[in-house]
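None of the figures in this text is laboratory data; all of them are computed from the coordinates on show. Keep in mind the model is a prediction, meaning the values are calculated, not measured. Cβ placement follows ideal geometry from the backbone for every residue including glycine, while neighbour counts extend to all protein chains displayed.
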Amino acid sequence: MQRLLRYLLLKPVLWAARRFDSSPDKSRIYDALTRLFNHIINNPGKQGPVIHFDAQNGKLVVFSDQHKGARNGADDFTMAAPAYLEALKYYNEAQFLFINLGDCEELWENTLSKVKKNNEAQFAAERAFVQRDAFVKVIGNHDLYWANDPLAGLELEALYGRKIKAWEGAILDTRVNGESLRIFCTHGHQGDANSDGNWFTKFFISRIWGPLQSYLRINPNEPSNNAYRKTVHNEIMYEWSAEQDHILLITGHTHQPVFESLTHIERLYRQMDVAKNNKDEETIKNIQEETNLYRDRFNNLALDYQKILPTYFNTGCCCFSDGDITGIEIENGMIRLVKWGKVNQGGGRMVLEEMPLAAITAAIRN
C-alpha cells in the first residue's frame, strides 16, 4: 500500500513542496527575527526569557537538531546518541547552562510516546539540567508539537519532572568590557513559510504534511538537506545580525555549523585561498567540484568574506551520520564551536574554533 500511495502521490507532493517550499525569503526572515527579538525584550516570559548572563564567569552550551526518534532506520539521532550523552554528562558536572535550541525531538516522523520510550537516557540527562534550573528548551519546526498541542505542558512536566515551558527563543543579557551585549538564541526557522506561519499552518505542517511526507518517504529538499539553500539561509541570518546593535545571533535549523558568521561557502573560499598559496592542487580540485552547483555565489562572495562581522553562529546539529555532534559554548569569556566525536572511536570534546567575546565586541564597535 505504501508503495502504491507513493507512486500515486509522488508528483503531487513534489509539486506542492515546490509551490509552497521554504526557500529562504529575506524580508520574511528579517521581519520574523525582529518581531521575536522585540517581543522577548519587551515581554520577557511570554515567548522567551531574558537571562542575565556573566560573560566572564558564566558557562553556556547550546545544542540543537537532535531529532530524537524511534531508533528505527529513519532515526538520524541513533549514531550520535552516545556522543550526546557523554557531552551532557560533562556539561552538567561542570555546571553549564544548557539551551536546547529546537528540533530536539523528531515529531514529524514519530509519536511522542515512541520518542520518549526510545530516548529515556537522553531525557534523563536533560532532566539533570532542569533540576539545577539550568535548562532552556526552544521550539523548532520539527517539534512544533510543544507550541500547538493543548497537552504539551503536561507532557513536558511528565518528561522533566517539573513544570517548564518550551519557548520561541531566549536572550542572554550580558556585558563585555563594560559594553552591553545581547545574545539572541532561536531555532532559525523564523520566516519559513512552512514552519512559521499562523496556527493552522503550524498544525497542518506538524500533524499532517510532515507525517505524510515521512510515510511516503518523499524528501521535499528542506534547508537541512540542501547545501545551496542552507548556505543562503545562513547568509540571511548573518545579514540580519550584522545590522543589529550589539547583538549576536545563535541558531540551528540548517545543520551547518557557522562560527564568526562564516558559512560553509565562505570557509571554502578561505580554504581555496590557502590551497592556492600552498599550491595544493588536490584541495583546489575538491573545492571546485563541491562548488559547481553554486559557482556564481561562490565567485561573488570571494572578495567579501574577510569583511564579515562575527555576529552570527550556528550550532550545526546533533545527528551527523558519522556519530559526531557540534554545538556552541561560552565559557571564561570565550565563545567556541565544539565537536564531540563518536564515543567508540576516541570521541571526546574538540574545540574547532574559538574567539574572545571581547574581540567580538571590539570588531562590532569598529
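Some points to look at:
- Tensor-based shape of the range 108-197 (alpha-carbon gyration tensor, a/c under 1.5 rounded, otherwise prolate or oblate): oblate
- Computed FRET value (nearest 0.05) for MET334 with LYS285, which takes r as the C-beta separation and R₀ as 25 Å: 0.10
- Two-decimal Rg to Rh for the range 19-116 - Kirkwood Rh, Cα set: 1.04
- The modelled label-to-label distance between GLN131 and SER180, using points 7 Å beyond Cα along the C-beta direction, is 3.9 nm.
- Rounded Å value of the spacing that divides the Cα centres of the range 80-98 and the range 107-171: 17 Å
- Spin-label model, ASN42 to ARG365: label points 7 Å out along the Cα-to-beta-carbon direction sit 3.0 nm apart.
- Each Lys or Arg adds one and each Asp or Glu takes one away; over the other residues whose Cβ falls under 10 Å from the Cβ of MET79, this sums to -3.
- By the rule of a C-alpha distance below 16 Å, with chain neighbours fewer than 8 residues away ignored, the lysines paired with LYS342 are LYS89.
- Extended-chain gain in nm, criterion 0.36 nm per residue less alpha-carbon gap, ARG270 and SER113: 52.0 nm
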